[in-house]
1. Condition first: modelled with pLDDT under 85, in a loop (DSSP other than H, G, I, E, B) and either within 14 Å of Asp161 (Cβ to Cβ) or in contact with a strand residue (DSSP E or B) (Cβ under 7 Å, 6 or more places away or on another chain) (or both). Now tell me which residues in the stretch 103-120 satisfy that.
2. Inspect the stretch 163-177 for any residue being modelled with pLDDT of 95 or more and over 15 Å from Phe129 (Cα atoms) and give the result as yes or no.
3. Could you give me the residue pairs with C-beta distances under 9 Å whose first residue belongs to the stretch 164-178 and is farther than 15 Å from Val153 by Cα, whose second residue is of a type in the set (D, E, K, R) wherever it lies, and which are 6+ apart or on separate chains?
4. Kindly evaluate Tyr70 against the criterion of being closer than 28 Å to Pro137 by Cβ, within 42 Å of the chain's Cα centre (by Cα) and in a loop (DSSP other than H, G, I, E, B).
5. Sort out which residues of the stretch 217-230 are free of Cβ contacts under 8 Å to residues at least 40 places away in the same chain and charged (D, E, K, R), and write them in order of number.
6. Specify the residue that is farthest from the chain's Cα centre (by Cα); the eligible residues are those in the stretch 121-133 that are outside any loop (DSSP other than H, G, I, E, B) and not β-branched (Val, Ile, Thr).
7. Of all the residues that make up the stretch 340-394, how many are surrounded by 12 or more Cβ atoms within 10 Å (Cβ to Cβ), acidic (Asp, Glu) and within 16 Å of Arg314 (Cβ to Cβ)?
8. Could you tell me which numbered condition Asn114 fails, if it satisfies all but one of (1) of a type in the set (S, T, N, Q); (2) surrounded by fewer than 16 Cβ atoms within 10 Å (Cβ to Cβ); (3) within 38 Å of the chain's Cα centre (by Cα)?
Amino acid sequence: MRARANLVIIAILVGLAACVFAQEATKPPAPSVKVISPNDVNVVSKLAFPYVAEITGDDVYIRSGSGTNYYNCGKLKKGDKVKVVSTQFSWSRIVPPEGSFSWISAQYVGIDANNPGVGIVTGDNVRVFAGSDYVRPMYSTSLQLKLNKSDRVKLLGEEKDNYYKIAPPTGAYLWISSEYAKPLASAEKLPEITMAKVEPNDTTVIIAPKVSVEAEKLKEYYELEKRLRAERAKPIEQQNYSDIKKAFTEMAANKEAGKAVRYAEFSLKQVERYELVPVVAKEIKLQDAQLQQNREKIDKARTTRLAKLEELGRFAVIGQLKTSSIFGSEPQLRHYRITDESDKIICFALPSGQAAAMDFSKLMDRKVGLVGTLEAHPQTGKALVKFTEIVELK
């Protein structure tokens with residue numbers, strides 16, 4: 001009886017075990033996607049890159065770099081999913097979502113004639129910058145990657161500031177704050193990401209890169225600058241800036257030349273100063289010649305004056321010769337007056353020696369110089385010149 005009871009108990013236990021086993025087998029499997037808190041750093045750090053993250057907020061900025069000081073490249077909304085390729089501090093580097101774009105210099109991109117939507121890179125180390133609807137290409141400074149000759153890019157049909165708008169090439173990434181990116185344990189497949197992957201075409205014909213008016217004028221400007229420097233190196237008397245000045249003037253008037261206009265305007269002011277140099281040099285040369293002539297005249301006049309002074313130095317007195325009847329008309333008593341320009345008597349004169357026999361009638365009232373000796377004349381209280389030679393002075 002007791003053995004039968006034991007058998008019944010064993011049968012019941014086996015039945016219960018079978019039921020439990022059946023229930024475990026029919027239990028639906030656990031979901032393949034496990035949500036992980038973005039704050040669980042230990043778990044996130046163990047995720048293999050790339051992984052999928054879900055955006056947990058609205059108007060989450062996409063940045064050109066890992067920080068709020070980088071410019072805004074767009075926004076994501078709650079529920080959007082992105083592919084994270086790496087993290088840096090509190091920022092996640094992501095594959096650019098749909099709608100993202102980049103900029104590349106049009107100077108280094110040719111156009112596929114068979115497919116105008118494809119550009120072919122024509123140089124090496126050509127930089128690609130993160131694009132933004134809020135920042136002009138020339139101020140978009142966040143470098144994403146560099147492309148080399150023959151690489152292909154997908155053109156998005158817009159050119160601005162001599163840059164082409166392109167789909168982000170493979171290897172170009174953007175950034176979002178990790179605070180709003182909730183990692184998912186499995187990398188479920190995202191919708192197709194807008195990444196430029198262009199296959200080569202054996203019949204491709206490359207149209208030469210489009211060079212902007214600004215680029216052409218800048219090239220012309222630098223050539224003109226070389227000519228300007230060469231002209232400056234010539235001797236002053238050989239310098240001629242007329243053709244260079246005309247070219248700079250035309251460039252400065254071209255409003256499509258961009259920076260070349262400002263450069264040309266600056267160089268024009270330089271040319272105007274340079275043109276003054278030969279004029280000033282010529283004027284200085286003329287002034288030097290005139291100064292030399294004046295010096296020669298002064299030296300000549302000085303020499304003449306010194307010679308005259310030396311000549312005049314041999315005279316005892318100089319003045320106008322006047323008659324005098326104070327002492328009579330006898331030759332030994334014949335006196336003359338010597339006066340100044342106001343007819344005041346300077347002294348009396350008495351010819352002696354060979355001058356005593358001379359006729360002075362033609363010298364009357366003329367300016368003369370007397371060679372002789374001066375002595376006192378007690379009778380008049382003035383000086384007396386006894387002269388042996390008389391010279392008319394002009």
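The values are calculated or read from the model by the stated rules, or taken from the named source; none is laboratory data. Since the structure is predicted, the reported quantities are computational estimates derived from the model, not experimental observations. So basically every Cβ, Gly included, is an ideal-geometry build from the backbone, and we count neighbours across all protein chains shown.
1. Result: Ala113, single match.
2. Yes.
3. Listed by first residue and then by second, the contacts come to Tyr173/Arg93; Leu174/Arg63; Leu174/Arg93; Trp175/Arg63; Trp175/Arg93; Ile176/Arg63; Ile176/Arg93; Ser177/Arg63.
4. Spelling it out, Tyr70 is indeed closer than 28 Å to Pro137 by Cβ, within 42 Å of the chain's Cα centre (by Cα) and in a loop (DSSP other than H, G, I, E, B).
5. Lys219, Glu223, Lys226, Arg227, Arg229
6. Within the stretch 121-133, the first condition is being outside any loop (DSSP other than H, G, I, E, B), and the residues that meet it are 121, 126-130.
Those still in the list that are not β-branched (Val, Ile, Thr) too: 127, 129-130.
Numbers: Arg127: 24, Phe129: 25, Ala130: 28 Å.
Filtering first and then ranking leaves Ala130.
7. Number of matching residues: 1.
8. All conditions are met except number (3).
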